[in-house]
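Chemist: The following block contains the structure, expressed as structure tokens.
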Amino acid sequence: MMNGKAHLNRSAQRIVDQIIADGERLGITHTRGALGEHLIDAGADSPGGLEVGLRMTEICMGGLGTVSMALDRHNEQWPLTVTVHSSQPVLACLGSQYAGWRLSHEKYFAMGSGPARLLARVEPLFEEIAYTETDASTSVLVLETHKPPPSAVVEKVAVATGLAPEALTFIYAPTQSLAGSVQIIGRSLEVALHKAHSLHFPLDNIIDGAGCSPVPAPHPDFLQAMGRTNDAIIYGGLVQLFVRGSASAARELAEQLPSNRSRDYGQPFAETFKKFNGDFYAIDPHLFSPAEVIVTAVETGETFRAGEWNRQMLEQSLG
């Protein structure tokens, strides 16, 4: 794992500063919380939109990813697509973007993404990520929620990161919003990295990667909105990874990565979620992966493909 300074927190802060500067155009609201923390509403009581969703995705990746949106005429039903790329995918996706920090207080609950996770290092995953940032003066968390964090959560983050509350920014948007939808489907590469990790593929051997997913229409119902964003990746996501090592290891990774290798594959995610009574952790974790995967072994020049775009499931879920 790299030890050079990528400065994820510094890079994310630059994006935050630009969002605040462009706030009126982006449809966000910037305020200060009770402890002086910065709060950016990107889609709860503010309209937000697609562009701020792209920037939220860049923040989630600690500034180590490029995130873009394009219309694909060949995909007649869901032509709008979000594409992400990183030349440091392990650090960008697992070290920053992965929503692995559980934050709760009384009835409030949210999962935190972004480079503040690198400072807090409260998740077991960081036992395998050697990269650290000891010189960060500010930090950012992205929250998939419709409410700003209460003071107790802000205090928890401040203690864990070693930063004063006024040095922290929390940017939030619910799943039902355009911005929230974009930052969730902007995780096609991240879910592939997370599954590769769960398959015990050596993280140091993943050297580059890109992914894309169709943008679903938002839905006012949380369950349906969550289902659509997950299904966009599970049944419509495409990821290509470039890896070191043997061709046989690359082939095995390609064969195991797609979502159709999961026991819970084959129905809209909203139905799967209800089947397990709303318990995320009862769902097979291997379901959370792209529909199609391409793995290129850079040392042999061989490429392996597996999985499939599932139009039937996309039609059931995305409409």
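The values are calculated or read from the model by the stated rules, or taken from the named source; none is laboratory data. Fair warning: this is a prediction, and the values are worked out from it, not measured in the lab. Cβ: placed from backbone, ideal geometry, glycine included. Neighbour counts: every protein chain shown. Areas reflect the complete protein model, heavy atoms only, side chains present, ligands, DNA and RNA absent. Shrake-Rupley method; radii C 1.70, N 1.55, O 1.52, S 1.80 Å.
Chemist: For the chain, what is the calculated [θ] at 222 nm in deg cm²/dmol (nearest 500), taking -39500 (n - 2.57) for each run of four or more DSSP H residues and dividing by its residue count?
Modeler: Theoretical 222 nm ellipticity from helices: -9000 deg cm²/dmol.
Chemist: Kirkwood Rh over Cα pairs of the stretch 242-319 into Stokes-Einstein at 25 °C, 0.890 mPa s: D in µm²/s?
Modeler: 178
Chemist: May I ask you to give the solvent-accessible area per residue for the stretch 111-265, in square angstrom, as obtained with a 1.4 angstrom probe?
Modeler: So the stretch 111-265 comes to 34 Å² accessible per residue, rounded to a whole number.
Chemist: Now for a different question. Percent of accessible area on the stretch 173-261 owned by carbon and sulfur, 1.4 Å probe?
Modeler: Carbon-and-sulfur percentage of accessible area, whole number: 54.
Chemist: Among DSSP beta bridges lying fully in the stretch 105-241, give the percent that are antiparallel, nearest 5.
Modeler: 60
Chemist: Determine the per residue accessible area of the stretch 35-109 with all protein chains present and a 1.4 angstrom probe, expressed in square angstrom.
Modeler: Normalised by residue count, the accessible surface of the stretch 35-109 is 43 Å².
Chemist: Now a separate question. In the stretch 296-319, which residues have a backbone nitrogen under 20 Å from the label point lying 7 Å from K275's Cα in the Cα-to-Cβ direction?
Modeler: 307-319
Chemist: I've got another one for you. In whole Å, how far is the Cα centre of the stretch 286-319 from that of the stretch 151-212?
Modeler: The stretch 286-319 and the stretch 151-212 have Cα centres spaced 21 Å from each other.
Chemist: In addition: Given charges of +1 on the Cβ of Lys and Arg and -1 on the Cβ of Asp and Glu, with all other atoms neutral, how large is the dipole of the stretch 244-319 about its Cα centre, in debye to the nearest 20?
Modeler: Result for the stretch 244-319 is approximately 60 debye, rounded to the nearest 20.
Chemist: Please list K274, K5 from largest to smallest accessible area, probe radius 1.4 Å, with all protein chains kept in place.
Modeler: K274, K5
Chemist: Still on this structure: What ratio of Cα Rg to 2.2 N^0.38 Å holds for the stretch 107-182?
Modeler: Rg over 2.2 N^0.38 Å, computed on Cα atoms: 1.13.
Chemist: Taking the chain, how much of its Cα-Cα pair set, in percent, is spaced more than 27 angstrom apart?
Modeler: Counting pairs separated by more than 27 Å, the tail of P(r) holds 40 percent.
Chemist: If you take the Cα atoms of the stretch 7-163, find Rg, then find the Kirkwood Rh from the mean of 1/r over all pairs, what is Rg/Rh?
Modeler: Reported Rg/Rh, Kirkwood definition of Rh: 0.97.
Chemist: Please identify, among Q97, Q256, Q183, the residue showing maximal mean-square fluctuation in a Gaussian network model of the chain using a 10 angstrom Cα cutoff.
Modeler: Checking each option, the largest mean-square fluctuation is seen for Q256.
Chemist: Normalised by the empirical 2.2 N^0.38 Å for globular proteins, what value does the Cα Rg of the stretch 1-72 take?
Modeler: 1.23
Chemist: Length gain on complete extension for the stretch L50 to R102, per 0.36 nm per residue less the alpha carbon to alpha carbon distance?
Modeler: Length gained between L50 and R102: 16.2 nm.
Chemist: What FRET efficiency comes out for the pair E76/D221, r = Cβ-Cβ distance, R0 = 30 Å, nearest 0.05?
Modeler: 0.70
Chemist: What are the GluC sites (Glu not before Pro) within the stretch 220-319 that DSSP puts in a loop, where the Cβ has at most 15 other Cβ atoms within 10 Å?
Modeler: Qualifying residues, ordered by number: E299, E308.
Chemist: Let me ask something else about it. Taking every DSSP beta bridge with both residues inside the stretch 174-319, roughly what % is antiparallel (nearest 5)?
Modeler: Given both bridge residues lie in the stretch 174-319, the antiparallel proportion sits at roughly 65 percent.
Chemist: Something else about it: With just the Cα atoms defining each centre, how far is the stretch 31-75 from the stretch 82-96? Give it in Å.
Modeler: 16
Chemist: What are the aspartates and glutamates whose alpha-carbon lies under 14 Å from the alpha-carbon of K275, with same-chain residues fewer than 8 places away excluded?
Modeler: Qualifying aspartates and glutamates at Cα under 14 Å: D264, D284.
Chemist: Same structure again: Once the dipole of the chain is set up with Lys and Arg at +1 and Asp and Glu at -1 on Cβ about the Cα centre, which of G95, G162, A217 lies farthest towards its positive end?
Modeler: G162
Chemist: What FRET efficiency comes out for the pair F109/V298, r = Cβ-Cβ distance, R0 = 35 Å, nearest 0.05?
Modeler: It comes out at approximately 0.30.
Chemist: Place a +1 charge on the Cβ of each Lys and Arg in the chain and a -1 charge on the Cβ of each Asp and Glu, then give the dipole magnitude about the Cα centre in debye, rounded to the nearest 20.
Modeler: Dipole size: approximately 120 debye.
Chemist: To check you understand DSSP bridge types, tell me what percent of the beta bridges within the chain (both residues inside) are antiparallel, rounded to 5.
Modeler: The antiparallel fraction comes to roughly 70 percent.
Chemist: Each label point is 7 Å from the Cα along the Cα-to-Cβ direction; what then is the distance between the points at A282 and L125, in nm?
Modeler: With each label placed 7 Å out from Cα toward Cβ, I get 2.5 nm.
Chemist: For a quick check of understanding: with a 1.4 angstrom probe and all protein chains in place, what accessible area in square angstrom does T169 have, to the nearest ten?
Modeler: 0
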